[in-house]
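Worksheet: one structure, shown below.
The values are calculated or read from the model by the stated rules, or taken from the named source; none is laboratory data. Since the model is a prediction, treat every value here as computed from it, not as a measurement. Quick reminder, even Gly has a Cβ in these numbers, built from the backbone with ideal geometry, and neighbours come from all protein chains shown. Note: areas computed on protein heavy atoms with side chains; ligands, DNA, RNA excluded. Shrake-Rupley method; radii C 1.70, N 1.55, O 1.52, S 1.80 Å.
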Amino acid sequence: MTSTPGDPEDRRLRRKSAAFRLKHDVGKALRWSAPEERETDTEALRARLAADLRPRASGGGASPGVLKSFFEWKREEGPLFSSDDPDLEAVERAMAVLRRFSPGLLSLEGSSLVALDEACLEAARACTAFYRRIALDDGPETMRSHGARR
């Protein structure tokens, strides 16, 4: 049996894949090199945030940067989800802080750097919570018919 574009199984798997992409491409990237506890040295914090937020080469290509990854995800995958999803709203709020502070990252000082790092942490947590909820709410990856062997 082949699936059709409106097939609920296709939609379920597409939603899971989209949620994983957000968690990986945005959530993980935001905290890629973050230590367990925030740096106390301003320059070390600035350097880590710059490394995590700016585009970087990986695997022979360049990553687009976290903000661009988020807005690409939102354009491509966002319509699969409710616009009032609380986790996605939390990511959106954090991304607004990133958009405001990241262009001036090299000149930010103390409390602004901390606010930027807090927004990164909040977005990463919200991405993970969103993925976990979608993965659980949408059911297991493999559906077995009754009586099928394991």
* To do: List the GluC sites (Glu not before Pro) within region 65-144 that fall in a DSSP loop (any state other than H, G, I, E or B) and whose Cβ has at most 12 other Cβ atoms within 10 Å.
  => Glu109, Glu141
* To do: Could you do me a favour and compute the accessible area per residue for region 62-115, 1.4 Å probe, result in Å²?
  => 54
* What are the ³J(HN,Hα) values, in whole Hz, obtained from phi via the Karplus relation 6.51 cos²θ - 1.76 cosθ + 1.60 with θ = phi - 60°, for each residue of region 86-98 in sequence order, with x given for Gly and Pro? -> x, 5, 5, 5, 5, 4, 4, 4, 5, 5, 5, 5, 4
